[in-house]
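Accompanying notes for the structure given below.
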Amino acid sequence: MPTPVATIANLTATGDVIIGPGGLTTMCKGLPVACMGDAVAGPLCVAGVITMTTAINKLAKGRPTACLGSMVMGVSILGFPVSTAVLLCPNVNVIV
């Protein structure tokens, strides 16, 4: 099922921000698209990486693009594992 594409600066369900580097040559509404392997950081997840996406056939810089619902795995401030999903993608008219 097609879902909106995620870009740098989009939020996860826990309020963490996708910080990149993204697919720098593939832009969506003026921002680089987020890809698997991009870093995520914020109040709950201090060391996170986008680990899973449903858009495996849509590539940016040779990596699958992230979209609404892509999974993020990381570590909390206290050192506990954190798993969350990309939640806020204002790019609802750009689907992958």
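Derivation of every value follows stated rules applied to the coordinates shown; laboratory data play no part. The structure presented is a predicted model; accordingly, all values stated were derived computationally and were not measured. Heads up, the Cβs are rebuilt from the backbone with ideal geometry, glycines too, and the neighbour counts pull from every protein chain shown.
For the reader, a short list of remarks on this structure follows.
- In sequence order, region 10-25 has phi-based couplings of 6, 9, 8, 5, 9, x, 7, 10, 6, 10, x, x, x, x, 4, 9 Hz under the Karplus curve 6.51 cos²θ - 1.76 cosθ + 1.60, θ = phi - 60°, and Gly or Pro positions carry x.
- Integer Hz, Karplus 6.51/-1.76/1.60 couplings in order for region 40-46, x for Gly and Pro: 9, 8, x, x, 9, 10, 8
- Highest average first, the peptides 42-49, 8-15 ordered by how many other beta carbon atoms sit within 10 Å of their residues are 8-15, 42-49.
- In the list [x] 21, 12, 12; [y] 24, 18, 12; [z] 20, 15, 13, the label attached to semi-axes √(5λ) of the Cα gyration tensor in Å as derived from the coordinates here is [x].
- Close amide-amide hydrogen proximity is noted between A66 and A6, A34, C35, M36, each under 5 Å apart and 5 or more residues distant or on a separate chain (H modeled in the peptide plane; Pro and chain starts excluded).
- A full extension of the chain between I77 and M52 corresponds to an added length of 6.8 nm, given 0.36 nm per residue minus the alpha carbon distance.
- Listed peptides 64-72, 24-32 appear in the order 64-72, 24-32 once ranked by packing, highest mean of other Cβ atoms within 10 Å at the front.
- HN-Hα J in Hz across region 80-87 - Karplus 6.51, -1.76, 1.60, θ = phi - 60°, x for Gly and Pro: 8, x, 10, 10, 8, 10, 5, 10
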